[in-house]
1. If a residue counts only when it is surrounded by 14 or more Cβ atoms within 10 Å (Cβ to Cβ) and in contact (Cβ under 8 Å) with a residue 40 or more places away in the chain, which strands (runs of 3 or more DSSP E) contained entirely in segment 178-248 have at least 3 such residues?
2. So, in segment 135-158, of the ones that are in contact with a strand residue (DSSP E or B) (Cβ under 8 Å, 6 or more places away or on another chain) and among the charged types (D, E, K, R), which residue ends up nearest to the ligand (Cβ to nearest atom)?
3. Identify the single condition in (1) more than 12 Å from the ligand (Cβ to nearest atom); (2) in the same structural domain as Ala222 (by TED's automatic domain parsing); (3) in contact with a helix residue (DSSP H, G or I) (Cβ under 7 Å, 6 or more places away or on another chain) that Leu173 does not satisfy, given that it satisfies every other one.
4. Mind checking which residues of segment 44-93 are closer than 16 Å to Asn292 by Cα and among the hydrophobic types (A, V, I, L, M, F, W, C)?
5. Anything in segment 33-61 that is within 11 Å of the ligand (Cβ to nearest atom) and more than 25 Å from the chain's Cα centre (by Cα)? List them, or say none.
6. Please specify each residue of segment 64-73 satisfying the condition of being under 19 Å from Ala121 (Cβ atoms) and either within 16 Å of the ligand (Cβ to nearest atom) or assigned to a loop (DSSP other than H, G, I, E, B) (or both).
7. How many residues does segment 1-13 contain that are crowded, with 20+ Cβ neighbours inside 10 Å and closer than 17 Å to Ala182 by Cβ?
8. Leu255 versus (1) within 26 Å of Glu233 (Cα to Cα); (2) more than 15 Å from the ligand (Cβ to nearest atom); (3) in contact with a His (Cβ under 9 Å, 6 or more places away or on another chain): which is the lone unmet condition?
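The values are calculated or read from the model by the stated rules, or taken from the named source; none is laboratory data. Please read all numbers here as calculations on a predicted model, not as lab measurements. Every residue, glycine among them, receives a Cβ derived from its backbone with ideal geometry; neighbour counts consider all protein chains shown.
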Amino acid sequence: MNFKGRDVVSIKDFSKKEITYILDYTKRIYPYAIGKKHTDLLKRKILSLLFFEPSTRTRLSFESAMNRLGGSSIGFADPSATSQKKGESLSDTIRMADAYSDIIVVRHPQEGAARLAAEFADSPVINGGDGAGRHPTQCLLDLFTIQTEKKQIEGNNIVLLGDLKYGRTVHSLAYALALFGAELSFVSPSNLKMPDEVISECKELGVNPTSTSNLEKAIKDADVLYVTRIQKERFPDPAEYNRVIGSYKIDNALLKTAQKKIIIMHPLPRVTEIDPEVDNTLHAVYFKQAFNGVPVRMALLSLVIGGNQL
Ligand code: CP
């Protein structure tokens, strides 16, 4: 299996066999991610982190992953402090990062920005989230979390809840879960439904997701509840956002109606959609899930930059 030099723009760029390989390799790399083992596998390699949108987890976990592999990183988290402010184009910024580093992670508010970046860079480009488009590395860490917590992905009843229209993490995840044979339910306010394109992708893979706005009903049979934030920043009309904010909240009372072993996931950040009282229950795996970004991104960086393995 050869990943060296490949771009990671969409999870659809990878076959099921390749995703399984990355998840298995992530298991092997885990002791290095928690600091139990040490390596210089990517010594003298440089990662560019180009973040045109805010991020806590994606940016910091990539930086942590690169450090754990013995490499280093450069980049920015605030485009207003770069020459973008003087009118520089995305393609020229990408050309510079390409010259200064061995691999580029880009987050951008526009869908398709990572694909464009990949066309201008010789180095591999990883999509760290493009607008309401895709977020493939989040998808990999979500799959890794489900596999770790539930032993396997196939056959689980998985509810994706929230802003399924603008939430890029669920677009990548729905496709991948269908690829792995999970049962899917989409629960959202009626104006934030999963795009038809994603539903068609699932159907092409032989999975027919149910769509509803009735969380109480959907949660009863769920093995995994994947909660998302309403993506305030993507609403063209603030009044529309105000109409849907607070439409659902996960709390301990609701979880009493769910299966005992249900796990609650969330890509984070959360706002009001999960009550903090859930954090201390065995259901809550969202902080573990966020940590899993480190081993998953270590696995990807080492495969894509070096083709090397621990
Ligand atoms: N899940 C996720 O992408 O988080 P950040 O926006 O903090 O990177």
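1. Values: elements: 183-187, 210-212, 224-227.
Passing ranges, in order: 224-227.
2. Just the residues of segment 135-158 that are in contact with a strand residue (DSSP E or B) (Cβ under 8 Å, 6 or more places away or on another chain), to begin with: 135-138, 142, 145-146, 149-150, 155-158.
Then drop every residue that is not among the charged types (D, E, K, R), which leaves 142, 149-150.
Numbers: Asp142: 9, Glu149: 17, Lys150: 20 Å.
Selected residue: Asp142.
3. It is condition (1) that Leu173 fails.
4. Within segment 44-93, Leu60, Phe62, Ala65, Met66, Leu69 qualify.
5. If the condition is that a residue be within 11 Å of the ligand (Cβ to nearest atom) and more than 25 Å from the chain's Cα centre (by Cα), then no residue fits.
6. So the first thing to find is which residues in segment 64-73 are under 19 Å from Ala121 (Cβ atoms), and the list is 66, 71-73.
Listed by number, the residues that qualify are Met66, Gly71, Ser73.
7. 1
8. Tallying (1) within 26 Å of Glu233 (Cα to Cα); (2) more than 15 Å from the ligand (Cβ to nearest atom); (3) in contact with a His (Cβ under 9 Å, 6 or more places away or on another chain), Leu255 fails exactly one: (1).
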